[in-house]
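See below for the structure under consideration.
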Amino acid sequence: RFQVNDDYYNRIAAVEFTVRGDDGKNPRLLEEADLVLLGVSRTSKTPLSVFLAHKGFKVCNIPIVLDQPLSNILFEINQERIFALTIDPETLQQIRKKRLKTMRVGSRSSYGELGNILAELDYADGLFRQNPLWPVIDVTQRAVEETASIILGILSDRDIGSSDQRPLENGPVETGQL
């Protein structure tokens, strides 16, 4: 039987927060976020954010765009709450080509070109190497639930905000930097 309690309202607040913090829309929210996800376009930042919000975490996600610096606020918050997402270039190309087709953009855009994708991933990788506290998680062929499990495992290992942690309901937690 479903119960409306404080946990329910906290999850609703987390989802509302996460919607406001989607796609870097409001960098000022970074200070309030439990988790921050970074990655190039189509690395599952938004679905992962929403999944984690349903677990009760306030999540912001920030797109990494080629040659655009990240918000300074990102470097002022707790760096152990930031997680970097990466993906295999060929897999990303397939995902982006499907996206372009759905949007009926076609071949006019460099968005789905492998050279552009490699440049974006290289730029992102450079940012990740400059910030070694950000675990880099490869989302290639990984379900959102698996990626969330890795993130929550790392948080648990770091013992950050253990009073705020909500355990995953499905199975074991995989940890470590990929």
Selection from the stretch 97-155 of residues that are modelled with pLDDT under 95, in a helix (DSSP H, G or I) and open to solvent by 60 Å² or more (accessible area, probe 1.4 Å): K97, K98, R99, K101, T102, M103, S107, R108
Verdict on D159 being among the acidic types (D, E) and touching a residue at least 40 places away in the same chain (Cβ under 8 Å): no
From L133, L118, L114, L85, residue being among the hydrophobic types (A, V, I, L, M, F, W, C) and within 18 Å of K45 (Cα to Cα): L85
Those residues of the stretch 1-18 which are open to solvent by less than 100 Å² (accessible area, probe 1.4 Å) and either farther than 20 Å from F83 by Cβ or more than 13 Å from the chain's Cα centre (by Cα) (or both), in sequence order: V4, N5, D7, Y8, N10, R11, I12, A13, A14, V15, F17
Evaluation of T91 against (1) within 19 Å of the chain's Cα centre (by Cα); (2) surrounded by fewer than 19 Cβ atoms within 10 Å (Cβ to Cβ); (3) assigned to a loop (DSSP other than H, G, I, E, B) (one fails), failing number: (3)
Number of positions in the stretch 42-81 that are among the hydroxyl-bearing types (S, T, Y), within 15 Å of I151 (Cα to Cα) and either open to solvent by 20 Å² or more (accessible area, probe 1.4 Å) or assigned to a helix (DSSP H, G or I) (or both): 3
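The values are calculated or read from the model by the stated rules, or taken from the named source; none is laboratory data. Source: prediction; values computed, not measured. So basically every Cβ, Gly included, is an ideal-geometry build from the backbone, and we count neighbours across all protein chains shown. For the accessible areas, the whole protein counts, side chains as well, though only heavy atoms, and no ligand, DNA or RNA atoms are used. Shrake-Rupley method; radii C 1.70, N 1.55, O 1.52, S 1.80 Å.
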